[in-house]
Amino acid sequence: MSALFHPLIDRFQRRITYLRLSVTDRCDLRCSYCIPKGFKGFEEPAHWLTFDEIERVVGLFAQLGVSRVRLTGGEPLLRRNLPDLARRLSALPGLADLSLSTNATQLAHHAAALRSAGVNRLNISLDSLSAERVAQISGRDSLPSVLAGLDAADKAGFQRIKINMVAMRGVNEADILPMAEFCLARGYTLRLIEAMPMGETGRNTDYLDLGPIREQLAARFDLRPQALELDGGPARYWSTADGRGQIGFITPISQHFCATCNRVRLSVDGTLYLCLGQEEKLELRPMLRGGADDATLIAALRDAIELKPERHTFVEQPEKIVRFMSLTGG
Ligand code: SAM
């Protein structure tokens, strides 16, 4: 069936092959750069796309050449029966890679089930190895459960685990080196991320320019730039000369990577966002619930891809995006 369809290519000749799928906008943490403390505006459950609806949309995307899907949120492990959804999605023809982003607080309970349901890669968010700093940033004493989640992920057989660390000026700079040592020792790929001005929480976070940090880490670990990207994603990777591991740098602010953007995002309420840092979107839920047939949905997806903006404007217009990351699906 997939051969019948032309792939999704936007106005800037970028081929869309990757969907980030938010399965909930809720989270058990309140990271200082993400969901504001006391936030009450979560989507009502009646608006959450059901597993049937999600499977249908992802199936259509797969027919249009999207081969990779990442489950995200909010915290995806808060969505009940997530392994059931993973099993359904990983069985879809054309889908080659199903991955998950998680804060890992509940991963110890779910790692094995997710692995056997077809999730083949994990990204885990962790901003420090200091329990005190993790509590300060995430609003909860979450480090012990995250470390238990990592142990469970290793035991379940997940390979090439990536650890995402938001680097914040004046907050966790001192934690970068211990994180790099920990990740290299455990065989994980550390990825440092510049904080983005999404919502007032993101805007109130001082991003750390990763250029100088990269130089320091390169000297400390004898890092060389990797010629090939690991996964067609936003990170630029540097590898240790002895081949022990690599560290990734995601620099949306100091050096944006929009020219190679290959992704779109579907939020839990069925809104398709064409860019993390712009407002262009397509509301799919009314179509799905209004009886649209597959041909109509495919035409709407193609039209939406035409709207994909050339780039975000986080630097020029930092106040533009009022939604915070967890709503769009980070
Ligand atoms: N709960 C899951 C997790 O923790 O990975 C998935 C969703 S979370 C929103 C995805 C990623 O977005 C996390 O790595 C988080 O640190 C990052 N994030 C959230 N707000 C951000 C911001 N303003 N700038 C940069 N990264 C942000």
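Laboratory data are not the source of any read-out in this text; all were calculated from the coordinates shown. Fair warning: this is a prediction, and the values are worked out from it, not measured in the lab. All Cβ positions, glycine included, derive from the backbone under ideal geometry; neighbour counts span all protein chains shown.
For the reader, a short list of remarks on this structure follows.
- Degrees, to the nearest 10: 294-306 long Cα axis against longest axis of the chain: 50 degrees
- Taking only the alpha carbons of the chain, we obtain Rg and Dmax values of 19.0, 59 Å in that order.
- Peptides 171-180, 266-275 ordered by average Cβ neighbours within 10 Å, highest first: 266-275, 171-180
- Absence of a disulfide-compatible partner, taken as no other cysteine beta carbon within less than 4.7 angstrom, is noted in the chain for 27, 183, 258, 261, 275.
- Fewest-first ranking of 308, 281, 40, using other Cβ atoms within 10 Å as the exposure measure: 40, 281, 308
- Ranking of 322, 264 by neighbouring Cβ atoms within 10 Å, starting from the fewest: 322, 264.
- Rg and Dmax, both from the Cα atoms of region 1-159 and both in Å, are 16.9, 55.
- Folded to 0 to 90 degrees: helix 143-156 orientation relative to the chain principal axis, Cα: 70 degrees
- Partner aspartates and glutamates whose Cα lies under 15 Å from the Cα of residue 320, excluding those fewer than 8 positions away in the same chain, are identified as 200, 279, 280.
- Considering only beta bridges that DSSP places wholly inside the chain, some 30 percent are antiparallel.
- Inter-centroid distance (Cα atoms) of region 108-155 relative to region 244-298, Å: 25 Å
- Shape box of region 225-330 [Cα atoms, principal axes, largest first, Å]: 57, 32, 23
- Cα-based helix-to-principal-axis angle, 51-63 vs the chain, degrees rounded to 10: 90 degrees
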